[in-house]
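The values are calculated or read from the model by the stated rules, or taken from the named source; none is laboratory data. In this text, all values refer to a predicted model and were calculated from it rather than measured experimentally. Positions of Cβ are backbone-derived with ideal geometry, glycine not excepted, and every protein chain shown enters the neighbour counts.
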Amino acid sequence: MMRLKETVLILFSCLFFTASVFAQSNDSVEVVRVMSYNVENFLDYRHDSLLSLPDTANTKGWNASRYYQKRDNIARVITAVGGWNPPVLVGLCEVQNQRVLDDLTRYSALRNLHYKVSHFESPDPRGIDVALLYQPKFFKPYQEKPVRIRFADNPRRHTRDILYVAGKLRNGDTLHVFVSHFPSRLGGELESQNARLQVAAVLRRQVDSLFMLNSGANIIIMGDFNDYPDNDSMTRVLGALPDDAPMAEKSLFNLCYTTNKAARIGSYKHAGEWGMLDQIVVSSHLLNSTASVFTSGSMLHVFDASFLLEDDVKWFGKQPFRTYVGMKYHGGFSDHLPVYIDLYVRKRLELHPEK
């Protein structure tokens, strides 16, 4: 009963916020959905691509049939998250190369949605990168670059780049987007922590360079951080504050902080506990409801549709329906759930006159 009351309260709050958005001004408002999804090893099945992977990946029996099912599963998730209005921006983690992204956008259920791809091959030894899908009708990039990570304590170590894309929304406002996949916890949380701290420091320097040019920059950071919102990499180094913290200029706010504390659902489940490894962080200016582009902490959602879940026979409840369980093919979607937010973009009609 308590959970039902909480759900009703959350839904009411979201409806109230949405209603207030459209009541604030006579200008029309466009909703831009932003999604982040770790798709769990979207690997190319073609021979030349498989040869570049570590031996552990080659032994998983990856083939064309499984690849095409994986591709179509990812497309199904993206379209389901959008409903009638597909996400404008989709940050993806664990994609192998440009070819799998082209297959996804051109030959799956996404083919009529006209997504374009921003992606750079990274030096990650596992061959998995990050990427951004975007609908050019709503977001037009003018700068795209990979942010290379160099570890001070181990120059020979390689990891995936951070993807940076700057573009214009339809009202003319600039949006800066970072897609990141921090180093894993393989070997233990504490043992691997330093690598994530270093990547967070690189990301923070990129953010600070934008704030130096414009203290009101519209910034979105999304991806799989392999840390939780209250871990040092996110709080102390990246400086992502809780979404209910007091507003401060040139600050970042983690829209997943409250969701992570609730712990009833998360983007990832480990040893029976849900948590938010997948997060969306925004600059303070995007939380200003009087701005021409804005969002709210209450707009953060974990997409937990029933087809993405299965029974957790060990820890009870539900868990993500994943593609692989260890080395065994399981046939599901991913070991992560997608997260998404809505941006409200006030249209400047003079910029887009009727033709």
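Scan (1) in contact with a helix residue (DSSP H, G or I) (Cβ under 7 Å, 6 or more places away or on another chain); (2) under 16 Å from VAL130 (Cβ atoms) for the single condition SER233 breaks and write down its number.
Only one criterion in (1) in contact with a helix residue (DSSP H, G or I) (Cβ under 7 Å, 6 or more places away or on another chain); (2) under 16 Å from VAL130 (Cβ atoms) is unmet by SER233, namely (2).
Identify the residue in region 118-175 that is within 13 Å of GLU94 (Cα to Cα) and among the β-branched types (Val, Ile, Thr) and, among all such residues, is farthest from the chain's Cα centre (by Cα).
Only one residue tops the list, namely THR159.
Just to be sure I understand the filter: pairs with C-beta atoms under 8 Å, separated by 6 or more residues or on different chains, first member in region 250-269 and on the phi > 0 side of the Ramachandran plot, second member in a loop (DSSP other than H, G, I, E, B) and at pLDDT 95 or above. Which pairs pass?
LYS250/SER215
Looking at VAL302, VAL293, VAL237, which one is of a type in the set (A, V, I, L, M, F, W, C), touching a Gly at 6+ places or on another chain (Cβ under 9 Å) and surrounded by fewer than 23 Cβ atoms within 10 Å (Cβ to Cβ)?
Criteria check complete, one pass: VAL302.
On the basis of being touching a Leu at 6+ places or on another chain (Cβ under 7 Å) and of a type in the set (Asp, Glu), does ASP232 make the cut?
yes
What single numbered condition from (1) modelled with pLDDT of 95 or more; (2) over 15 Å from LEU104 (Cα atoms); (3) not in a helix (DSSP H, G or I) fails to hold for LYS60?
(1)
Return the pairs, sorted by first residue and then second, in which the second residue is hydroxyl-bearing (Ser, Thr, Tyr) and outside any strand (DSSP E or B), the first residue lies in region 126-146 and is within 24 Å of ARG157 (Cα to Cα), the beta carbons are less than 9 Å apart, and the residues are 6+ apart or on different chains.
Sorted first by the residue in region 126-146, then by its partner, the pairs are ARG126/THR56; GLY127/SER49; GLY127/SER52; ILE128/SER122; ASP129/SER122; VAL130/SER122; PRO146/SER122.
Take the conditions touching a Pro at 6+ places or on another chain (Cβ under 9 Å) and more than 17 Å from ARG33 (Cβ to Cβ) and apply them to ALA166. Does it pass?
yes
So which strands (runs of 3 or more DSSP E) stay within region 262-334 end to end and still have 2 or more residues that are not charged (D, E, K, R)?
268-270, 273-275, 278-283, 318-320
State all residues of region 87-125 that are within 26 Å of PRO155 (Cβ to Cβ), in contact with a strand residue (DSSP E or B) (Cβ under 8 Å, 6 or more places away or on another chain) and either surrounded by fewer than 17 Cβ atoms within 10 Å (Cβ to Cβ) or aromatic (Phe, Trp, Tyr) (or both); if no residue qualifies, say none.
Residues satisfying the conditions are PHE120, GLU121.
Going residue by residue through region 199-208, is there one that turns out to be in contact with an Asp or Glu (Cβ under 7 Å, 6 or more places away or on another chain) and surrounded by 17 or more Cβ atoms within 10 Å (Cβ to Cβ)?
Looking through region 199-208, none of the residues is in contact with an Asp or Glu (Cβ under 7 Å, 6 or more places away or on another chain) and surrounded by 17 or more Cβ atoms within 10 Å (Cβ to Cβ).
State which residue pairs qualify: first residue hydrophobic (A, V, I, L, M, F, W, C) and inside region 308-333, second residue crowded, with 18+ Cβ neighbours inside 10 Å and assigned to a strand (DSSP E or B) in any location, beta carbons under 6 Å apart, and separation of 6 or more residues or different chains.
Hits for this filter: PHE321/LEU309.
Among the residues of region 155-187, write down those that are among the small types (Gly, Ala, Ser) and surrounded by 16 or more Cβ atoms within 10 Å (Cβ to Cβ).
Listed by number, the residues that qualify are ALA166, GLY167, SER180.
Okay, residues lined up against (1) in contact with a His (Cβ under 6 Å, 6 or more places away or on another chain); (2) of a type in the set (Ser, Thr, Tyr); (3) closer than 28 Å to VAL31 by Cα:
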| site | (1), (2), (3) |
| --- | --- |
| ASP208 | no, no, yes |
| MET212 | no, no, no |
| SER251 | no, yes, yes |
| LEU255 | no, no, yes |
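Taking only pairs six or more apart or across chains, which ones have beta-carbon atoms under 9 Å, a first residue in region 148-164 that is on the phi < 0 side of the Ramachandran plot and modelled with pLDDT under 95, and a second residue that is of a type in the set (D, E, K, R) and part of a strand (DSSP E or B)?
none
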